[in-house]
Number of protein chains: 2
Amino acid sequence: MPMVHNIRRQAGLAELAQQRGLRLTSQRRLIFSILESAPTHLNAKQILEEARKQDPGIDQVTVYRNLSVMKRMGVIDELDLLHLRGEEHYYEVRQLREHCHVGCLSCGQMFEFVTPAMKAINKALEKECNYKVAYARIEIGGYCAKCRGKEEQGKVIQKGKRVRSLTSATSRI
Amino acid sequence: MPMVHNIRRQAGLAELAQQRGLRLTSQRRLIFSILESAPTHLNAKQILEEARKQDPGIDQVTVYRNLSVMKRMGVIDELDLLHLRGEEHYYEVRQLREHCHVGCLSCGQMFEFVTPAMKAINKALEKECNYKVAYARIEIGGYCAKCRGKEEQGKVIQKGKRVRSLTSATSRI
DNA sequence: TCCTTATTGCAAACCGTTTGCAATAATATT
DNA sequence: AATATTATTGCAAACGGTTTGCAATAAGGA
Ligand SMILES: [Mn+2]
Ligand SMILES: [Mn+2]
Ligand SMILES: [Zn+2]
Ligand SMILES: [Zn+2]
């Protein structure tokens, strides 16, 4: 259940970091590589677990600190996923193609979705408010076709621009 | 700096709660009235402070528990405001007119914004994914005209559908 | 008015994240 | 290559927002 990550940015995180004068420690490289090859959005704990497979000595503060600098650099995005999975934050390498995150309030299934309407919001803001958008976080909760039950079962479910299913997690709301 | 609250829902929170069999305690009424007359998005602590002006004995758990049931009822929405203000959550009575929350990454100023493009996202999701949207949280970070500095000063800043300024808070990102 | 049970207040726990600090290691300088 | 500089790390402890356990209270139905 991979993310929409196929559309990759030119430079890797390591290069970007080095350009800004950050030191390339082994821990940093490791965290970068985990984020860049993540099949789904990861939270800090998951990143730590993954990192410890290769470097058992790595500490969670190192994860947090690196997430923090990368956030500040604008090369990764922090997601709440509507707090459907929990109170923690999730991270993904910033994508060239903007996408929203959609989750089913009933089964917890999450997926990414792309539509031109997203860009339209930014355009409207820039035109009507003279506001320069840097980043838009669009998180949507609703009910998937399956969960809406029997009366919908006959309908054809078009795939449309629905990108990929990501998870089915324990729902909370 | 009021919220877009002028567009009010038919029934008040108290009625809605009673309809669902919730007991109307004095504390609950108080919290409801605070939310309904809030001039801006409030976090739990602010709601508590406000409530204690009228009922000094009220406890924060009561605030949290009531926010929780109202969230579950879908009559209030929980906002992160991109965590520009802090890690806490902010709350507002659910509005009939969907709006996004936009914040300046430089000065922290937040405002609400309405555009038809928001509905377009929901429509696209429903059509292309057979997905029934219950709630969309759109939070946008960027740079306001003022903060973008001198080269923009000559330009006329249209008000557009920019609804209202809400706060200028200490920025974090 | 009594009964049932949802709701409250208090206290403590919880959990994700941050901070202080000394030890370590990446880069710049020689 | 050796050294100096200082960013980065790991450990431990703190932090802050939120949740939980439990006994006392009070709302709403009988
Ligand atoms: Mn994503
Ligand atoms: Mn959040
Ligand atoms: Zn579902
Ligand atoms: Zn600004």
Residue within segment B:21-41 that is buried (at least 16 other Cβ atoms within 10 Å of the Cβ), within 16 Å of ligand 2 (Cβ to nearest atom) and within 14 Å of chain A (Cβ to nearest Cβ) present: no
When residues of segment B:112-128 are limited to those that are open to solvent by less than 40 Å² (accessible area, probe 1.4 Å) and in contact with a helix residue (DSSP H, G or I) (Cβ under 8 Å, 6 or more places away or on another chain), the one farthest from ligand 4 (Cβ to nearest atom): B:ALA124
Criterion violated by B:GLY103 - all others in (1) of a type in the set (Gly, Ala, Ser); (2) open to solvent by less than 10 Å² (accessible area, probe 1.4 Å); (3) within 16 Å of DNA strand C (Cβ to nearest atom) satisfied: (3)
Residue match in segment A:59-80 (condition: within 16 Å of ligand 3 (Cβ to nearest atom), open to solvent by 10 Å² or more (accessible area, probe 1.4 Å) and in contact (Cβ under 8 Å) with a residue 60 or more places away in the chain): no
Any hit, segment B:156-170, residues being modelled with pLDDT of 90 or more, within 7 Å of chain A (Cβ to nearest Cβ) and out of contact with any Leu (no Cβ under 7 Å at 6 or more places or on another chain): no
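The values are calculated or read from the model by the stated rules, or taken from the named source; none is laboratory data. Computed from a predicted model, the values in this text were never measured in an experiment. Every residue, glycine as well, gets a Cβ built from its backbone with ideal geometry; the counts of neighbours run over all protein chains shown. Ligands, DNA and RNA are excluded from the accessible area calculation, which covers all protein heavy atoms including side chains. Shrake-Rupley method; radii C 1.70, N 1.55, O 1.52, S 1.80 Å.
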